1. So what is the diffusion coefficient of region 4-113 in µm² per second by Stokes-Einstein at 25 °C and 0.890 mPa s, using a Kirkwood Rh over Cα pairs?
2. Can you tell me the convex hull volume per residue for region 56-102, based on C-alpha atoms, in Å³ to the nearest whole number?
3. Expected output is a single nm value to one decimal: the length gained when fully extending between L113 and L2, i.e. 0.36 nm times separation in residues minus the C-alpha distance. What is it?
4. So, by mean Cβ neighbours within 10 angstrom, what's the order for 55-63, 82-90, 36-44 with the highest one leading?
5. Can you tell me how much longer the chain between K83 and K55 gets when fully stretched, taken as 0.36 nm per residue apart minus their C-alpha distance, in nm with one decimal?
6. Sort 24-32, 64-72 by the packing proxy (mean of other Cβ within 10 Å over each peptide's residues), most packed first.
7. Keeping to pairs on different chains or 8 or more places apart, tell me how many lysine pairs in region 4-113 have Cα atoms under 13 Å apart.
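Read-outs throughout are calculated quantities, based only on the coordinates presented, and are distinct from any laboratory measurement. Just so it is clear, the structure is predicted and the values come from calculations on it, not from any experiment. Using ideal geometry, Cβ is built from the backbone for each residue, glycine included, and neighbour counts are taken over all protein chains shown.
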Amino acid sequence: MLDILEIARIAHETNRAYCRSLGDASQPSWKDTPGWQVDSAAMGVLAISNGSVTKPEESHENWLKEKEETGWKYGPEKDPDKKLHPCMVPFSRLPKEQQMKDHLFFAVVTTLLDSHTQKEILRQRFDNFLSPAVRGLGTNEYNQLLDNLIKQC
């Protein structure tokens, strides 16, 4: 099952592909992404996961607040060393292409979280259904059995 960092990676790579389609090759691949950017993506996933962010506009405002709290300011071009970013404006003032990044991030994260939640519900239901003898299997064997049952659903 996907964890928060895996969901953040998928959302990041989706946005990176979108940026590349616009001719913007400034986004690094996840493996080359600096720690501050990984943390920012993970915090965005967590905010959606815990329900404090419920739509793309709120996702941007949450990102904006986190950036302001860590010393970032508006700048015409992104400069991580100087903590400048052109998206340091309210969502309504972002160009449509930049708003789309928030829509994509939100859609990817909510879709993957929904899938993760459904798998957890199935896991709990199977766990309650299985006999005590099956539950007595070793942890690895038992988890493998549950995973196989979930895949068949």
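1. Working: Rh = 14.0 Å.
Value of D from the Cα-based Kirkwood radius: 176 µm²/s.
2. Cα-based convex hull of region 56-102, divided per residue, equals 63 Å³.
3. Working: separation 111, 0.36 × 111 = 39.96 nm, distance 0.84 nm.
Full-extension gain reported as 39.1 nm.
4. Numbers: 55-63: 19.2, 82-90: 15.1, 36-44: 17.6.
Ranked by mean Cβ neighbours within 10 Å, highest first: 55-63, 36-44, 82-90.
5. Values: separation 28, 0.36 × 28 = 10.08 nm, distance 2.58 nm.
Additional length available on full extension: 7.5 nm.
6. On the way: 24-32: 11.4, 64-72: 13.7.
By packing density, highest mean first, the sequence is 64-72, 24-32.
7. 7
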